[in-house]
Amino acid sequence: MSHTEKLKNFLELEIIPDLEAAIDELFESIDKTKNATKEQKEDLEEMREMRTECFSIVEEIKRDEMDEEEAEELLEELMDMKTDDKV
């Protein structure tokens, strides 16, 4: 499997669903208090931007506009980030 395929799968199967779950949790938390703190608003904006960027990367891969080296670097970066979050 190529690095672009691995990256696409990682984004679609792990990163994007995790981001969407985190966004949903944050919305639930905000809904319970009926008020969003500045930190929650910033977190929400950051997660939405990350999700948009992930969708953009997937589209770039689908259009065959990403080379293997770039895909490998992004995949390593994302895997490191995901691993750091679990520690």
Find the residue count for the range 1-36, including only residues that are over 22 Å from R63 (Cβ atoms), in contact (Cβ under 8 Å) with a residue 24 or more places away in the chain and among the basic types (K, R). 0
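Could you tell me how many of the residues in the range 24-36 are open to solvent by 70 Å² or more (accessible area, probe 1.4 Å) and part of a helix (DSSP H, G or I)? Don't jump to the end; show me each part of the working.
Narrowing the range 24-36 to residues open to solvent by 70 Å² or more (accessible area, probe 1.4 Å): 24-25, 27-28, 31-35.
In the following step, the residues that additionally are part of a helix (DSSP H, G or I) were identified as 24-25, 27-28, 31-33.
Of the residues in that region, 7 qualify.
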Applying the selection to the range 54-87, what residues are assigned to a helix (DSSP H, G or I), open to solvent by 60 Å² or more (accessible area, probe 1.4 Å), at pLDDT below 95 and not acidic (D, E)? M79, M81, T83, K86
Identify all residues within the range 35-57 that are under 17 Å from I23 (Cβ atoms) and β-branched (V, I, T); write none if there are none. T37, T52
Restricting to the range 1-23, name every residue that is modelled with pLDDT of 95 or more and open to solvent by 90 Å² or more (accessible area, probe 1.4 Å). E5, L13
Please verify whether the range 37-53 includes one or more residues that are touching a Lys or Arg at 6+ places or on another chain (Cβ under 6 Å), without any contact (Cβ under 8 Å) to a residue 60 or more places away in the chain and either surrounded by 11 or more Cβ atoms within 10 Å (Cβ to Cβ) or part of a helix (DSSP H, G or I) (or both). no
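The values are calculated or read from the model by the stated rules, or taken from the named source; none is laboratory data. Quick caveat, the model's predicted, so the values are computed rather than measured. Note: ideal-geometry Cβ built from the backbone for every residue, glycine included; neighbour counts use all protein chains shown. Protein only, heavy atoms only, side chains kept; ligands, DNA and RNA dropped before computing areas. Shrake-Rupley method; radii C 1.70, N 1.55, O 1.52, S 1.80 Å.
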